[in-house]
Amino acid sequence: MEALEPTTSDEAVASTTTPDAPIINLMDYEALARAQMTATFWDYYAGAADDEVTLHANRAAFRRLWLRPRSLVNVKTCDLRATALGAPISMPILAAPTALHGLARPEGECATAAGVGAAGTLMVVSSSASRRIEEIAEAATGPLWYQLYIGGFAESEARVRRAEAAGYRAIVLTTDLPRLGHRERDLRNHLGFDSITSLRMQGAEDVEIAPEDFVGDALTWETIDWVRSITSLPILVKGILTAEDALLALEHGVAAIIVSNHGGRQLDGAIPSMEALPEVIAAVNGRVEVYVDGGVRRGTDVLKALALGAQAVLVGRPILWGLAARGAEGVSDVLGILRAELDRAMALAGRPTLADIDATLVRRSREEWTHP
């Protein structure tokens, strides 16, 4: 699950947001969502593993990158149109797979899919969705990918078949969950997937799969071969953080890689996704598309990720904030805010098309970030 960073000093304006105040940025949606959710379920969305160091580091990694704008470029019109495994999308921003949208709104992932489609982009549906694969597909107006946890091979094959039949266009196999991360907020709240009854009370009555059902430490690189053997859909692997694993993923025939540390919810102290992205890009060397998630909150973050070589970014918890605050309309608006920020950032940086964005746009700061 892609991480949520608590409000920091430069985003403190969000703490003053009221239901009647204008929505200016994603942190405004964060404040509205938090006000509308129970503390226990907010912590489930917001929390990460152990000391949440990686959670905070995901956001800080963007702050260590400076932009090098070019001047006197014709930026009257900026073109944000992109593709994801060949599917046309309105912008290089996707909705990441996140669990249990029913905790935010009773309509859950059905509302999310409607909002993502209205924004003209793609949604990755979680194996731990609170609505059935088929229901989500019926509500969607944009392309869908299905994120797969292996919950027993026979059961997982059945899920893949259902996703195929419902029109999902790719399988996203998550690789970084051999065991469930030590998520202390949930432990203190006595909230886990053993507390499924309480989750159902919040509109998650159709939860598809729970982490205790995962094969987990039985997964190996050969699992990718097995998934490829049961479907003709392209396979992406999510959770890659090293060049070594990127090269192994290529050997096993993946269609794309998602650089991700699970939002800091698995191994605390794992490298921030944006720090890992350059070595994965270098290892892949253009042979497959590479995506990244973790800490994206601004259009400038998207711009920096694209400059380092990402095909697109995936956004997780801001989608949930929009859903909790305003349903499908909020989801669409979150994506619209990011799109407007990216459009403005491209113009101010003198990069009017995605093809104009390259590594010369960014420069790494030598200043070290310290935990607040």
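The values are calculated or read from the model by the stated rules, or taken from the named source; none is laboratory data. On a predicted model such as this, the values are computed, not experimentally measured, just so you know. Neighbour counts are summed over all protein chains in view; Cβ atoms, including those assigned to glycine, are modelled from backbone coordinates with ideal geometry.
Could you say whether any residue in the stretch 184-198 is surrounded by fewer than 24 Cβ atoms within 10 Å (Cβ to Cβ), among the basic types (Lys, Arg) and part of a helix (DSSP H, G or I)? Looking for residues that are surrounded by fewer than 24 Cβ atoms within 10 Å (Cβ to Cβ), among the basic types (Lys, Arg) and part of a helix (DSSP H, G or I), one finds at least one in the stretch 184-198, hence yes.
Within the stretch 161-183, no residue satisfies the criterion of being in contact with an Asp or Glu (Cβ under 6 Å, 6 or more places away or on another chain), buried (at least 16 other Cβ atoms within 10 Å of the Cβ) and not hydrophobic (A, V, I, L, M, F, W, C). All conditions in (1) closer than 15 Å to Val331 by Cα; (2) over 17 Å from the mean Cα position of the chain (by Cα) hold for Ala104, with the sole exception of (2).
Within the option set Arg344, Arg287, being modelled with pLDDT of 95 or more, surrounded by fewer than 24 Cβ atoms within 10 Å (Cβ to Cβ) and not in a helix (DSSP H, G or I) holds for one residue only, Arg287. Gly263 passes every criterion in (1) in a helix (DSSP H, G or I); (2) at pLDDT 95 or above; (3) buried (at least 24 other Cβ atoms within 10 Å of the Cβ) apart from (2). Assessment of the stretch 292-303 against the conditions (on the phi > 0 side of the Ramachandran plot, more than 15 Å from the chain's Cα centre (by Cα) and surrounded by fewer than 23 Cβ atoms within 10 Å (Cβ to Cβ)) yields no matching residue.
Total residues in the stretch 242-260 satisfying the condition of being in a helix (DSSP H, G or I) and of a type in the set (Ser, Thr, Tyr): the figure is 0.
Yes or no: Ile257 buried (at least 17 other Cβ atoms within 10 Å of the Cβ), among the aliphatic types (A, V, I, L, M) and in contact (Cβ under 8 Å) with a residue 40 or more places away in the chain? When the stated conditions are applied, Ile257 does not pass them.
Identify the residue in the stretch 199-222 that is assigned to a loop (DSSP other than H, G, I, E, B) and among the small types (Gly, Ala, Ser) and, among all such residues, is modelled with the highest pLDDT. If we take residues in the stretch 199-222 being assigned to a loop (DSSP other than H, G, I, E, B) and among the small types (Gly, Ala, Ser), then Ala210 is modelled with the highest pLDDT. Here Val292 meets each of (1) within 17 Å of Val259 (Cα to Cα); (2) assigned to a helix (DSSP H, G or I); (3) touching a Ser or Thr at 6+ places or on another chain (Cβ under 6 Å) with one exception, condition (2). Checked against the criterion of being within 30 Å of Gly286 (Cα to Cα) and touching a Pro at 6+ places or on another chain (Cβ under 9 Å), the candidates Ala95, Ala35, Ala119, Ala87 yield just one match: Ala87. Can you find even one residue in the stretch 99-108 that is modelled with pLDDT of 95 or more and in contact with a His (Cβ under 7 Å, 6 or more places away or on another chain)? Yes, that holds for at least one residue. Could you please let me know if Lys238 is among the charged types (D, E, K, R), out of contact with any helix residue (DSSP H, G or I) (no Cβ under 8 Å at 6 or more places or on another chain) and surrounded by 15 or more Cβ atoms within 10 Å (Cβ to Cβ)? Yes, satisfied.
Taking helices (runs of 4 or more DSSP H) as the structural unit, those lying wholly within the stretch 86-177 and holding at least 3 residues that are in contact (Cβ under 8 Å) with a residue 12 or more places away in the chain and farther than 29 Å from Ala39 by Cβ correspond to 133-139, 153-166. Looking for whichever is of a type in the set (Ser, Thr, Tyr) and farther than 27 Å from Val302 by Cβ here; the options are Ser126, Ser90, Ser156. Which one fits? Result of the check over Ser126, Ser90, Ser156: Ser156. Filter the stretch 45-55 down to residues that are surrounded by 21 or more Cβ atoms within 10 Å (Cβ to Cβ) and of a type outside the set (Gly, Ala, Ser) and give me whichever is modelled with the lowest pLDDT. Among them, the one singled out is Glu52. Residues in the stretch 304-324 that are in a loop (DSSP other than H, G, I, E, B) and among the small types (Gly, Ala, Ser) were compared, and the one that is surrounded by the fewest Cβ atoms within 10 Å (Cβ to Cβ) is Gly309.
Take Gly327 and tell me if it is assigned to a loop (DSSP other than H, G, I, E, B) and among the small types (Gly, Ala, Ser).
Spelling it out, it is not the case that Gly327 is assigned to a loop (DSSP other than H, G, I, E, B) and among the small types (Gly, Ala, Ser).
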